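The values are calculated or read from the model by the stated rules, or taken from the named source; none is laboratory data. Values in this document were obtained by computation on a predicted structure and should not be read as measured data. Every residue, glycine as well, gets a Cβ built from its backbone with ideal geometry; the counts of neighbours run over all protein chains shown.
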There are 2 protein chains.
Amino acid sequence: MKLPDIFASPANVRDVLQGKPIFNAGDESGEMFVVQSGAVDILINGVLVETVLPEGFFGEISLIEDSLRSADAIARTDCKLLPVNRHHFLSMVDELPQFALYVMKGMADRLRKADKRAMG
Amino acid sequence: MKLPDIFASPANVRDVLQGKPIFNAGDESGEMFVVQSGAVDILINGVLVETVLPEGFFGEISLIEDSLRSADAIARTDCKLLPVNRHHFLSMVDELPQFALYVMKGMADRLRKADKRAMG
């Protein structure tokens, strides 16, 4: 899916070096991240549950629930991330239905994978 | 959360008797359901993963992904359900940002629970 142009502002990009944490479980949250380049590993209790690739996103659960991070996110490679804070998130849901659908599709995919994992 | 008035049309309500299936894994999908009264059990491979109560919803994953049902849904009690088909869903995401947020909150809650289940 094409990301909205709103993401394209270079001023907004965050560079993270390979091996560096983006956040850890228990951290306060306030942003989700869209992966522009590189890859990010998501771990729960040290177990790799997902590797997020370009155009994918992560960190939305605690943003939506306004709760603490439930997983660790670590740069698997050098990567460029587009942070979306709560204000930005709400205004995009308000103004860009395709952004809401993009987030819902990613979450549906993640739910299906989580259910498969749970069932072994 | 208050459900949009659009849900309130009595013409739209579907009554399901206790013990009856609403859908089964592998079925074609085309609707999600908001629980107006009663309770609905969601099972994956015969394992109860969630009981959906009034104001909660289910069936959104395959609606969003346009894919087959991944779980069974069975009326735990007599219940009243409000079906939301794909056309209705897309127009509500378009017109009612609070509907998109309602769906995303429910999915975030479900993801957190699925992750906990997966981790034992």
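Only one of A:84, A:103, A:40, A:34 is in contact (Cβ under 8 Å) with a residue 40 or more places away in the chain and out of contact with any helix residue (DSSP H, G or I) (no Cβ under 9 Å at 6 or more places or on another chain); which?
A:40
Conditions tested, residue by residue: (1) more than 26 Å from residue A:62 (Cα to Cα); (2) over 13 Å from the mean Cα position of the chain (by Cα); (3) of a type in the set (Val, Ile, Thr).
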position: B:75; (1), (2), (3): yes, no, no
position: B:82; (1), (2), (3): yes, no, no
position: B:89; (1), (2), (3): no, no, no
position: B:96; (1), (2), (3): no, yes, no
position: B:102; (1), (2), (3): no, no, no
position: B:116; (1), (2), (3): no, yes, no
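Quick test of your reading of the structure: residue A:108 fulfils all but one of (1) over 13 Å from the mean Cα position of the chain (by Cα); (2) small (Gly, Ala, Ser); (3) more than 14 Å from chain B (Cβ to nearest Cβ). Name the failing condition by number.
Looking at each condition in turn, residue A:108 falls short on (3).
Select from the stretch A:37-68 the residues that are polar (S, T, N, Q), modelled with pLDDT under 95 and not in a loop (DSSP other than H, G, I, E, B) and list them in ascending order.
Answer for the stretch A:37-68, where residues must be polar (S, T, N, Q), modelled with pLDDT under 95 and not in a loop (DSSP other than H, G, I, E, B): just A:62.
Do we find that residue B:19 is modelled with pLDDT of 90 or more, under 20 Å from residue B:107 (Cβ atoms) and of a type in the set (Gly, Ala, Ser) in this structure?
no
Being surrounded by fewer than 21 Cβ atoms within 10 Å (Cβ to Cβ), touching a residue at least 40 places away in the same chain (Cβ under 8 Å) and either closer than 15 Å to residue A:34 by Cα or of a type in the set (S, T, N, Q) (or both) is the filter here, so list the residues in the stretch A:89-100 that pass it.
Within the stretch A:89-100, A:92, A:98 qualify.
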